[in-house]
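The values are calculated or read from the model by the stated rules, or taken from the named source; none is laboratory data. None of these values were measured; they are calculated from a predicted model. So basically every Cβ, Gly included, is an ideal-geometry build from the backbone, and we count neighbours across all protein chains shown.
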Amino acid sequence: MLNYENPIIPGFYPDPSICRVGEDYYIVNSSFEFFPGVPLWHSRDLFNWEQKGYVLKRKSQLPLENSGTSGGIYAPTIRYHNGRFYMITTNVTGGGNFFVWTDDINGEWSEPIYLDQPGIDPSIFWDDDGRVYYQGTHRDEKDDNCIGQYEFDIETGKRLSETKILWHGTGGRCPEGPHMYKINGWYYLLIAEGGTEYGHMVTIARSKNVWGPFESCPHNPILSHKDISTRFVHFQALGHSDLVTDPNGNWWLVFHGIRPSMGRLHHIGRETMIAPVTWDEDGWPVVNEGKPIFNKMTIKGEGDYSVNKEWKDDFTADTFAPRWAFLRSPKEDSYEIAKDGVVLHGTEETFDGMGSPTYLAVRQQQMDITYETELEITDGDGYAGLAIFHTSEQHYKLMAKKTDKGYSVILRRRIVDFDVATDEVVIDSEKLALRIVADRNKYTFYAGKDMDNLIEIGTGCTQLMSKECMRCTFTGCFSGMFAIGDVTAKFKYFSAKGV
């Protein structure tokens, strides 16, 4: 039997799109207001994934200045055609729908080619005659949501037809995330419905003509946990999917879902998962034999796969590892890789505004996880430390300030209109050790002169960092190192150990 773990890419990596070239698989995800944009992953087996980097690495490709919460990049699609990779997506903050391309998946991607089409969640489909079609969200004459399509020139982005409505879905709200496939003479249109929340689901329709009309699958939705209690499954809000075949002709569906911490609250974000697909006698797809999706999956095949939950970065490379991200468009001179760690230079930007504070962060990938670092403030009188960040209105900061007595440490908790700090704790030391221990219910923050002599500074609950406790967001929690104000801080390393 084949055993593997879901999610295959844990943490805030939503809206997965996948393509295969020979024995190589590639996945991209949404990145919203974080930079670089569109994480790019590679695998040879569908279960072990390594982040190669990002598609959008230049500010000219990804303008994010003053991007609000959950602005920026929505729902990318990756495709390969005639030796070239294409990635199409939407920057809702500026520019709208666009695509980029590369002939070398390990190299740079082109500048954006913008498209004359509103909406989000764009996809590309090549028909057998070489014609290229765009699918994405659209509005009908009644201003209702639907899926629209038009033909365009892949070299220039020029529109070659009017946009035509393909399908309104099965009646669930927010039909979105479309992908078109041609299989055995049928055009299949795969979409998401129900909103990217607890009513999320995957539905599919087909037609003998690329323009329709499209017939709905009789057993839609083909994937959803909307009617299954959180007491019985690990995951909720399953949706936004993409199909791929392996070299043996087996079909697979990648999709995202969430892991609630308790009840219907989640804070890590939407995570990438996978399940096998078979086809019934009428030519309709069946996901995981119609069974729910679990954390531990056992299916036909051979192999035993698990997700790595532990790593440490000593910052010995010349560039930052792909796991690291910045909030909006970073100020490059605020980050410096030294021989014995990373140096952060603070600015006037804070977590509360719409700028780009000095914050080097990773997505939280497990509910139960411990983060550690050791730092030294070398100059200035600002603050440096570790932060759990979800939005500008929801974040926890373990803040250290250099004094003549060593370090003054507080925990500051910002939850919408409330901004509360713990009492000051003085650590008599030249250097400072910091630790965050996370579980399903809370974050516990520690500081001390070394890892063997830590003092609890305070706690912050995960519920108040949950999407359901804030205005509409589509992201998840980050953890990382920061510097605020006139301060320079050197961090020796950063480690993560999940359970």
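Tabulated values for the structure
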item	result
In the stretch 132-157, the residues that are without any contact (Cβ under 8 Å) to a residue 24 or more places away in the chain and either outside the structural domain of Tyr181 (by TED's automatic domain parsing) or assigned to a loop (DSSP other than H, G, I, E, B) (or both)	Glu141, Lys142, Asp143, Asp153, Glu155
Among the candidates Glu348, Glu310, residue that is touching a residue at least 40 places away in the same chain (Cβ under 8 Å), under 23 Å from Thr403 (Cα atoms), surrounded by fewer than 17 Cβ atoms within 10 Å (Cβ to Cβ) and touching a strand residue (DSSP E or B) at 6+ places or on another chain (Cβ under 9 Å)	Glu348
Which numbered condition Gly448 fails, given (1) crowded, with 17+ Cβ neighbours inside 10 Å; (2) farther than 13 Å from Ile377 by Cα; (3) modelled with pLDDT of 95 or more; (4) under 25 Å from the mean Cα position of the chain (by Cα)	(4)
Thr272 vs. criteria closer than 25 Å to Arg231 by Cα and assigned to a strand (DSSP E or B)	yes
Top-ranked residue in the stretch 175-196 [being in contact with a His (Cβ under 9 Å, 6 or more places away or on another chain) and not in a strand (DSSP E or B); ranked as surrounded by the fewest Cβ atoms within 10 Å (Cβ to Cβ)]	Thr196
Unmet criterion (only one of (1) crowded, with 16+ Cβ neighbours inside 10 Å; (2) without any contact (Cβ under 8 Å) to a residue 40 or more places away in the chain) for Ser216	(2)
Test: residue in the stretch 307-330 that is outside the structural domain of Tyr74 (by TED's automatic domain parsing), small (Gly, Ala, Ser), under 27 Å from Lys497 (Cα atoms) and not in a loop (DSSP other than H, G, I, E, B)	yes
Single condition Gly199 does not satisfy, out of (1) within 21 Å of Asn288 (Cα to Cα); (2) crowded, with 22+ Cβ neighbours inside 10 Å; (3) under 20 Å from the mean Cα position of the chain (by Cα)	(2)
Ser334 vs. criteria among the small types (Gly, Ala, Ser), more than 21 Å from Ile457 (Cα to Cα) and either surrounded by fewer than 20 Cβ atoms within 10 Å (Cβ to Cβ) or under 19 Å from the mean Cα position of the chain (by Cα) (or both)	no
Hey, Val362 part of a strand (DSSP E or B), touching a residue at least 12 places away in the same chain (Cβ under 8 Å) and either surrounded by fewer than 22 Cβ atoms within 10 Å (Cβ to Cβ) or not assigned by TED's automatic domain parsing to the domain that holds Glu271 (or both) or not	yes
Filtered residue count, the stretch 373-431, keeping only those that are part of a strand (DSSP E or B), surrounded by fewer than 17 Cβ atoms within 10 Å (Cβ to Cβ) and free of Cβ contacts under 8 Å to residues at least 24 places away in the same chain	7
Evaluation of Pro221 against (1) at pLDDT 95 or above; (2) more than 20 Å from Met297 (Cβ to Cβ); (3) in a loop (DSSP other than H, G, I, E, B) (one fails), failing number	(2)
Candidate set: the stretch 55-92, residues that are out of contact with any Gly (no Cβ under 7 Å at 6 or more places or on another chain), in contact (Cβ under 8 Å) with a residue 60 or more places away in the chain and more than 24 Å from Cys19 (Cα to Cα); chosen: the one surrounded by the most Cβ atoms within 10 Å (Cβ to Cβ)	Ser67
Listing of strands (runs of 3 or more DSSP E) fully contained in the stretch 1-95 that carry 3 or more residues being closer than 27 Å to Asp129 by Cα	17-21, 24-28, 73-81, 84-91
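For (1) under 27 Å from Leu265 (Cα atoms); (2) touching a helix residue (DSSP H, G or I) at 6+ places or on another chain (Cβ under 6 Å); (3) of a type in the set (A, V, I, L, M), each residue gets a yes or a no:
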residue: Lys449; (1), (2), (3): no, no, no
residue: Glu456; (1), (2), (3): yes, no, no
residue: Thr459; (1), (2), (3): yes, no, no
residue: Thr462; (1), (2), (3): yes, no, no
residue: Glu468; (1), (2), (3): yes, no, no
residue: Cys472; (1), (2), (3): yes, no, no
residue: Thr475; (1), (2), (3): yes, no, no
residue: Val499; (1), (2), (3): yes, no, yes
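Conditions (1) within 23 Å of the chain's Cα centre (by Cα); (2) aliphatic (A, V, I, L, M); (3) modelled with pLDDT under 95, marked per residue:
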position	(1), (2), (3)
Tyr383	no, no, no
Glu393	yes, no, no
Tyr396	yes, no, no
Lys401	no, no, no
Lys405	no, no, yes
Leu411	no, yes, no
Ala421	no, yes, no
Ile427	no, yes, no
Arg435	no, no, no
